[in-house]
Amino acid sequence: MTSREYAEYRRLMELPVEEQTEETEDALGQILDWIDGDREDCPYFEELQP
């Protein structure tokens, strides 16, 4: 995980409940599955690439 990916992960983890959306929950789910080894890629992080 790059520092940019980690920063985005932390940002999503720290979002207040009232700011969470289905999109942010899906992104966090992808990231956590990737960290746990349940998936080999993380489409959310691929979308962040410049």
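The values are calculated or read from the model by the stated rules, or taken from the named source; none is laboratory data. Please read these numbers as outputs of a predicted model, since none were measured by experiment. Using ideal geometry, Cβ is built from the backbone for each residue, glycine included, and neighbour counts are taken over all protein chains shown. The protein model used for the area step is the full one, side chains on, heavy atoms only, and it has no ligands, DNA or RNA in it. Shrake-Rupley method; radii C 1.70, N 1.55, O 1.52, S 1.80 Å.
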What ³J(HN,Hα) values, in whole Hz, does the Karplus curve 6.51 cos²θ - 1.76 cosθ + 1.60 give for the stretch 24-29 when θ = phi - 60°, with x put for Gly and Pro?
-> 5, 5, 5, 4, 5, x
Length gained when the stretch residue 39-residue 22 is fully extended (0.36 nm per residue, less Cα-Cα span) = 4.1 nm
Using DSSP to define loop residues, name the GluC sites (Glu not before Pro) in the chain whose beta-carbon has at most 14 other beta-carbon atoms within 10 Å.
-> 14, 40
On the protein heavy atoms, probe 1.4 angstrom, tell me the percent of accessible surface of the chain carried by carbon and sulfur.
-> 46 percent
If you place +1 on the Cβ of every Lys and Arg, -1 on the Cβ of every Asp and Glu, and leave all else neutral, what size is the dipole of the chain about its Cα centre, to the nearest 20 Debye?
-> 300 debye
Hey, could you grab the Kirkwood Rh for the chain? Inverse mean 1/r over distinct alpha carbon pairs, Å, one decimal.
-> 11.2 Å
Accessible solvent surface per residue of the chain, calculated while the other protein chains remain in place, 1.4 angstrom probe, Å² | 77 Å²
So what's the back-of-envelope 222 nm ellipticity for the chain, counting only DSSP H runs of four-plus at -39500 (n - 2.57) apiece and dividing by all residues, rounded to 500?
-> -19000 deg cm²/dmol
